[in-house]
1. Among the residues of the range B:342-368, which ones are free of Cβ contacts under 8 Å to residues at least 40 places away in the same chain and part of a helix (DSSP H, G or I)?
2. In the range A:497-534, what count of residues is obtained for those that are without any contact (Cβ under 8 Å) to a residue 60 or more places away in the chain and under 25 Å from the mean Cα position of the chain (by Cα)?
3. Give me a count of the residues in the range A:488-525 that are assigned to a loop (DSSP other than H, G, I, E, B) and more than 18 Å from residue A:338 (Cα to Cα).
4. For the range B:199-218, check the following and say yes or no: at least one residue is in contact (Cβ under 8 Å) with a residue 40 or more places away in the chain, within 11 Å of chain A (Cβ to nearest Cβ) and touching a helix residue (DSSP H, G or I) at 6+ places or on another chain (Cβ under 9 Å).
5. Only one of B:237, B:218, B:274 is assigned by TED's automatic domain parsing to the domain that holds residue B:174, at positive phi and outside any loop (DSSP other than H, G, I, E, B); which?
6. What's the total number of residues in the range B:322-337 that are under 18 Å from residue B:198 (Cα atoms) and touching a strand residue (DSSP E or B) at 6+ places or on another chain (Cβ under 7 Å)?
7. Among B:302, B:356, B:289, which is facing chain A (nearest Cβ under 10 Å), within 23 Å of the chain's Cα centre (by Cα) and surrounded by fewer than 16 Cβ atoms within 10 Å (Cβ to Cβ)?
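The values are calculated or read from the model by the stated rules, or taken from the named source; none is laboratory data. Small disclaimer: the values here were computed from a predicted structure and weren't measured. So basically every Cβ, Gly included, is an ideal-geometry build from the backbone, and we count neighbours across all protein chains shown.
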């Protein structure tokens, strides 16, 4: 029995092995033959047939030219060397069954006892020929040490995306590891047969037999499991990630957990999920965006598939723009961020969309009281190209009609957003992703005023794997954020347009020279074009004079490098450097002032024209980033971090919160870039095999400069906007503590944040420190999930926060026409009442059953269970001959129940 | 579990709960005691025949129900022109200083185009001075339009009902004849209505008064306009005022609209004042701040002095809104009632003079 097919040699070898077990004496077999003009392969075949000896060889390794040779009762031990003398092959006999023809070099090196033990072991298994068994290395290339290193990847069968945090366990050795952020794992095992067990939430367990002969790689795929697919999507971390990673202030947000949170009117909200994290807060319900560690909304860099999102809220601030059904991973960096990120002071929220299914078409949909959503995904070329598209929209006007406020009944709220992700894998090393996003909002209040705004962006991302150690991610993108503020009636009827465009190029190279060192480097460049304001009349009686400010443009570029170095098992360092360079570029007319450090309308002395392409202002900033982890033991670590951040694009608003039409302002000759030092240090400890995670972080941020506004600043279509701003310094500091139970029928998190934020600006509060709008000393959030079984989940969420600072009247006088004029305190001297709220949700999901094509679930939630009238603001009024009043405006002053139906095809 | 039934029930609960949505209520005032040792000086020079100058000086009252400002008496108040002319303004009532200046005043001619200021010396020898305010002519009102509109409002029981409102709009030039400069304008409003007491049907001999009430209107807003922000030199259909068509319109209503000219500084003051008076706590509201006037203390220029002295010329127009124009509103008091009804009505219905600003003297302008 012999084979000439080199591809099947290993299978044949496996078949042979049982025969190898028996005999040393096979080489004593006497051969008497006369071979004329025959190739060696024929001669070996003939010898095997005549003497019932199995001789295995790779035909390709044998010379093909015919030879003449004769043997007369010569033993095989003499015949074979003669036959093979012109080749580099040797032979090896095993037991009485057969002979292996192998490279002589291998045979000369000799085999260890383990080799033979291995050979013995594998030979005794009946299922050796099982085609599901994966061989690693080749039997003709056994590792002499008796051990081998297996490197592998685990990916999802449907999306071909790497699975992070999958458990790879060798059952017979009781040894296991977790896959890293690229889905990689590495194991050192004895040669021989082992059973791998791979597990990951939401996927079927995979039990895989392997036969290990030498070092090698293995690619494993997991198929979707019998539990809620949502849970599969995001748990993007290893079990001890919080203790192990070096980046302080880093939080991976669990999208599956967010989907279980009680919702406002049934709409899953990523931003509201963020607010459960320590250090993340909001000015109030309905306020746009979120605040991190006392930073303003515009100090957060919000990225979705490399595209920058400038307004992360729908319906003013009641819903977020992210469609949770399409999200793969959410990462929040608070203060301390790797060098590849920049352009904002306070935080980075990096949202990564998932790829569509590469194997089959899937539909997901949901419908709630005010909005509906649907997503579709599937292959374009099976296994190579896929798409995923999602759409959400609202039909909320019927809710407004239920509210007993006439002005609200006559209001309208509408939004939609749409996402498209197209992924094409040319091969294992080259992937192209096209990602697009569009959103639109229309808000009208009582036929008085309104906002019309939206985002459109598109990105092209090219990922290339040069080798196992070198990766590249190149992205190009463009975006346009448009907003129109509408005054709807009378002689002031107008439309105010404010727009922002950018073009972005970014290259990120990852180099893994050793297992202990990873280096990220690259560059980025963003070309901003801001249309800061154009107002035009609306209607026939409007008296508004059309006015349009000149557009502004800037180029923000950076080169960066960041290294993560595991110095020892205990020490892990992440250090980086970002060099950012910013240019504000003409054409632009720039006003000149007597004192250019403090421009005022009164001190205007003229203007200067900068032609197209001419530099108006240039700023360069070196931004070191550093984060350190010291692991005290397997479950405990201490981390520290520092980052220098700079921000060249700011949002201008003198209202309680930013509005959709708040102007984006580029740094220029007068408006300097904001810069911050961020320090943080933390203690992290897990208990009970990472089931319990605890952390305590303290931070300090100083900002120099920052901007505030002169009293009654005029920020609308103002060509001398710099005269309305005053610069100063700011600081924020705090302590964040959290305890989290990650698994079990009852799990959840409790977090407490102590934070302060104040600032000092010339001309405000007599130049003394005063509280910023974001100073909320105490913030507590408690999240409890009760999951008695797969189908039923109960979620409770409680929040408490100190009231934010506000300015109140402390005196009054009466004007000669009877108007009572309040006199306000120094800025932010008082606080609005404290905030607290309890939410509840119950999710009933129908479990997945084999053979079913879809699954459904219901979510019932109550937002603000006990109907607390939390104050968004407190304002004061006094009329002649009447007592002054303090009025509390509660945006959501009642309990809001909602029910949502979810559908998902398998 | 039948989820269709449960869903319907939950949806019903949801709708009912949302129906009770309410977002604005009154809360206790913060502990906001006035710690300011500051004064308020406000004044106005109104061009006319005669011109009137008035000034009020007081301290500030706390922002609380129980406090009221203390007038400052015996101050020495002077009106000065940019040319150096001056005239003393005597105190006429406690804390109030007024003077009528005829057009032929020998030492203080009041002229359009001239600038004026006031100086104040307090009994404690602190001296205050306003900026010079130019006296600017006012364009004449061209037309006033009255429209009755209907829109939903919340009643006292927080139910939505439809109500009628009087909407006033105005046409006015924004420039003076032969003067290309645009005007800064401010409007004030006064309403006068007739308010008859109830008669008792069975007691016809009881004398019944008919009162006339004068009410300043729109006191929670300041209505101003910058003529430089208008595309055309004339303002057409510019919204001024909206008043509910209530009992005040039952027996006719006179609305007086006063159009005042302002300097740019005064316009800025009144505009900022409106920002802090007309508040609703919404997302879009400009943050409140101290409105600075145009007085300074000469010994301590850093002291914040509240109030403003401004000069103005006024043009006014008075329009009548008849009962039928107001679509026959419901009266507060029945003109003729039986004894039981008479007694159950508010005291005002038995004695209309109890209402502040009431008089039984028929105003000259009331023509029927």
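1. If the condition is that a residue be free of Cβ contacts under 8 Å to residues at least 40 places away in the same chain and part of a helix (DSSP H, G or I), then B:343, B:344, B:347, B:354 are the ones that fit.
2. First, pick out the residues of the range A:497-534 that are without any contact (Cβ under 8 Å) to a residue 60 or more places away in the chain: A:497, A:499, A:501, A:503, A:505, A:507, A:509-514, A:516-519, A:521, A:523, A:525, A:527, A:529, A:531.
Those still in the list that are under 25 Å from the mean Cα position of the chain (by Cα) too: A:501, A:503, A:505, A:507, A:509-514, A:516-519, A:521, A:523, A:525, A:527.
Selection size over the range A:497-534: 18.
3. Of the residues in the range A:488-525, the ones assigned to a loop (DSSP other than H, G, I, E, B) are A:488-489, A:493, A:515-516.
Next cut, more than 18 Å from residue A:338 (Cα to Cα) only: A:488-489, A:493, A:515.
So the answer is 4.
4. Step one: list which residues in the range B:199-218 are in contact (Cβ under 8 Å) with a residue 40 or more places away in the chain, which gives B:199-203, B:209-215.
In the following step, the residues that additionally are within 11 Å of chain A (Cβ to nearest Cβ) were identified as B:215.
Narrowing further to those that are touching a helix residue (DSSP H, G or I) at 6+ places or on another chain (Cβ under 9 Å): B:215.
Yes, the conditions are met somewhere in the range B:199-218.
5. Selected residue: B:237, the only one of B:237, B:218, B:274 that is assigned by TED's automatic domain parsing to the domain that holds residue B:174, at positive phi and outside any loop (DSSP other than H, G, I, E, B).
6. The total comes to 3.
7. B:356
Conditions tested, residue by residue: (1) within 8 Å of another protein chain (Cβ to nearest Cβ); (2) farther than 24 Å from residue A:371 by Cβ.
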residue: A:817; (1), (2): yes, yes
residue: A:828; (1), (2): no, yes
residue: A:836; (1), (2): no, yes
residue: A:897; (1), (2): yes, no
